[in-house]
1. Once amide H atoms are built 1.01 Å from N in the peptide plane, which residues 5 or more positions from D225, or in another chain, come under 5 Å H to H?
2. Quick one: what Rg and Dmax do you get for region 172-237 from the alpha carbons, in Å?
3. Hey, how much of the P(r) for region 45-196 falls beyond 20 Å, as a percent of Cα pairs?
4. Could you run the Karplus curve 6.51 cos²θ - 1.76 cosθ + 1.60 with θ = phi - 60° over region 268-273 and give me ³J(HN,Hα) per residue in whole Hz, x for Gly and Pro?
5. If a/c stays under 1.5 just call it rounded; otherwise compare a/b with b/c (prolate if a/b is bigger, oblate if not). Do that for region 260-350, with a ≥ b ≥ c from the square roots of the Cα gyration tensor eigenvalues.
6. What 222 nm value per residue comes from the helices of the chain, counting each DSSP H run with n ≥ 4 as -39,500 (n - 2.57) and dividing by all residues, nearest 500 deg cm²/dmol?
7. Taking only the alpha carbons of region 324-420, what extent do you get along each of the three principal axes, in Å, biggest first?
8. Positive end of the charge dipole of the chain (Lys, Arg +1 and Asp, Glu -1 on Cβ, about the Cα centre): tell me which of I18, I297, S374 has its Cα farthest that way.
Amino acid sequence: MDKFVLHGGKPLHGTIPISGAKNSTLALMPAALLASGVFRLRNTPALRDVNTMSSLLKTMGVRARLADHVLTLDTSGVDRQEAPYEHVKKMRASIYVLGPLLARHGRAKVSLPGGCAWGPRPVNLHIEGMRKLGAAIELKRGYIHAKADRLKGARISFDVSSVGATGNVMMAAVLARGTSVIENAAIEPEITQLAQFLQAMGARIDGVGTNRLEIEGVDGLHPADVDTIPDRIEAGTFLVAGAITGGTVTVAGANPEHLAAVLARLEDAGCTLTVEPGRITLAAPAKLKPVDVTASIYPGFPTDMQAQWIALMSVAAGTSVVTDTIYFDRFKHVPELMRLGADVEVKENAAVVRGVPNLTGATVMSTDLRASASLILAGLIAEGETEVLRVYHIDRGYEAIERKLQALGADIQRVSHQEF
Ligand code: UD1
């Protein structure tokens, strides 16, 4: 396992390119299972999670090749409809194969994902959605066994807005017989992109970008190509890197519309933002102001930026409250940030962050992807040396983060296992 070694205190300056969105790619790849042929996913990020999804699809007979950020998927040889535990336990998004396999092949066997580092993450909405579409589902020995001769259109109204369940049920419904309506559908940009990709494959979907999707099932779909949208969380993380270090950072190739809530809160914190088409420049203030945020569904502040915001607020001039309404237990980064000198108290699903004048370097351990990002952000300003262990989490979702940070002037090195 690699680690990062940082020496904090350097303001970051410069421009970095934003990669394609992880969470789009992880939905677009399984969507290719809905038709036979060759698909090209351009602007695919080179990430560990994308690798995991590729190897899962390969076990089903898909041929996958990533070169120069173009992922080519050939689904003409799909002959196995199973997602084994060893893949699903590495990455929960593996559950996305359930809908496409069931819709196109009439059967799927997908491991139940279980919990994750910060608590339970159920898949009941995915299962209920498939049942509504007429699938027979049994849960046996840790697996979802799903069968259906042909799915039938249905009305599905989600109690909770879920990105994954919306994507999965939409992928199943596009090949069902008749009309489906998904109410309280997620409207995250990655779901909108998935819907547009399905439309390009021949699916009939109305209400794209709204929380009511109406889907007229078709008998068959054809391959399509797609340009993956930029990763809004990667862009947000680099803007926070500029803000926390007192620097000036431009993210190029980002979509400002997808980041509206984050940009508004950064302005509230005293940052100056210059928004141009496809580019955002942040200039940090002399001292950050404390700003409360509440992570909620899109277009609210993303839960995937909550950990980074706590890192930022840990050095603001005053106290702020960071609340997460999506994942109530997602605060495993807090004790690690406290090892760097942050003053944070977690009360139920909120963190009370009392800004301190400075952080100090220490060895910390990351527990999940966004927690890792928050520790790296804190390490960028902590006095002295910070070691962030278990960085494989960061490789799941940030392409070459240390090289991008180095290009902005950060003192960060990856030390591979053999060297320590
Ligand atoms: C996706 C993102 C993840 C992000 C999350 C919330 C991907 C690959 N991952 O995860 O980065 O943090 O959205 O924006 O896109 N829920 C249920 N039952 C279900 C499914 C979800 O109760 O069957 C609940 C969850 O526990 C959570 C809420 O719904 O409280 C939202 O989760 P969801 O949107 O489904 O997250 P994911 O799709 O897993």
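1. It is R40, by chain and number.
2. Spelled out, the Cα radius of gyration and Dmax of region 172-237 are 13.0, 43 Å.
3. It works out to 49 percent of all Cα pairs.
4. For region 268-273, the Karplus-derived couplings read 4, 7, x, 6, 9, 10 Hz, x marking Gly and Pro.
5. oblate
6. Only helices count here, giving -8500 deg cm²/dmol.
7. 39, 30, 26
8. It is I297, whose Cα lies furthest towards the positive end.
The values are calculated or read from the model by the stated rules, or taken from the named source; none is laboratory data. Predicted model only: the values in this text are computed from it and were never measured. In this analysis, Cβ positions are derived from the backbone assuming ideal geometry, glycine residues included, and neighbour counts consider all displayed protein chains. In case anyone asks, the SASA skips ligands and DNA or RNA and just uses the protein heavy atoms, side chains included. Shrake-Rupley method; radii C 1.70, N 1.55, O 1.52, S 1.80 Å.
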